[in-house]
Amino acid sequence: MTRRRVLAGAGAALCWPVTAAKAGGLMIEDFTDGEAEAWRYVSDRVMGGVSDGTMQLVRQGADQFARLTGTVSTANNGGFIQMRRALDGALLEQGTGLRLRLRGNGARYFVHLRPSGSLRPWHYFAAEFETSGQWEEIVLPWSRFTAQGGLKATFDPARVTSIGLVAYGADYEALLDVAWVKVE
């Protein structure tokens, strides 16, 4: 694992596509070394919803990535599908946000970070991003993550215990490919 410091520019308060291919960071996941087994698929069916999907590893040529696909439905108080894994908050504490290489189907998606001590499954910090249909890099500074579901906590990256990449909140077909996730 290579560790390089990346300085965020004045636009760091926003989520934006990054065009430079030389971006550094501390790797959380690149889906190439068996660590992808740490990810699991979860949907609103755990609470009676009707969304349905899957998470799988895909290889296209030399590229390998995770793919989240499915139908998100808000029927029956539902509305999400996600891929989730446990994290060590000490890793996140070393940065100012997340950088992801991904492509989607033009829909809106979310990163959910669950803190230690959260009492309910709907207690997490969320940041949203749009996809364009092309491979791109996005940066989500910690300042973009807001408390959800009545969570009464201040965001502290050292207290994060899991990360979720989520299709959420509307009725739509989800397709999200993720090549890697880094601490920025």
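Here are some notes:
- Among the residues of the stretch 63-113, those identified as open to solvent by 10 Å² or more (accessible area, probe 1.4 Å), among the hydroxyl-bearing types (Ser, Thr, Tyr) and closer than 20 Å to residue 50 by Cα are 69, 71, 73, 74.
- Residue match in the stretch 133-152 (condition: assigned to a loop (DSSP other than H, G, I, E, B), touching a strand residue (DSSP E or B) at 6+ places or on another chain (Cβ under 6 Å) and of a type in the set (Phe, Trp, Tyr)): yes
- Residue list for the stretch 28-56, filter: aromatic (Phe, Trp, Tyr) and open to solvent by 60 Å² or more (accessible area, probe 1.4 Å): 41
- Residues located in the stretch 130-144, provided they are out of contact with any helix residue (DSSP H, G or I) (no Cβ under 9 Å at 6 or more places or on another chain), at pLDDT 95 or above and open to solvent by less than 40 Å² (accessible area, probe 1.4 Å): 131, 136, 137, 138, 140
- Sole exception among (1) modelled with pLDDT of 90 or more; (2) in a helix (DSSP H, G or I) for residue 37, by number: (1)
- For residue 59, the conditions (1) open to solvent by less than 20 Å² (accessible area, probe 1.4 Å); (2) without any contact (Cβ under 8 Å) to a residue 12 or more places away in the chain all hold with the exception of (1).
- In the stretch 114-126, the qualifying residues are those that are over 11 Å from residue 153 (Cβ atoms) and free of Cβ contacts under 8 Å to residues at least 60 places away in the same chain, and the one that is least open to solvent (accessible area, probe 1.4 Å) is 126.
The values are calculated or read from the model by the stated rules, or taken from the named source; none is laboratory data. As the structure is a prediction and not an experimental result, all values here were calculated from the model. FYI the Cβ positions are ideal-geometry reconstructions off the backbone, even for glycines, and counts take in every protein chain you see. Accessible surface areas use protein heavy atoms only, side chains included; no ligands, DNA or RNA. Shrake-Rupley method; radii C 1.70, N 1.55, O 1.52, S 1.80 Å.
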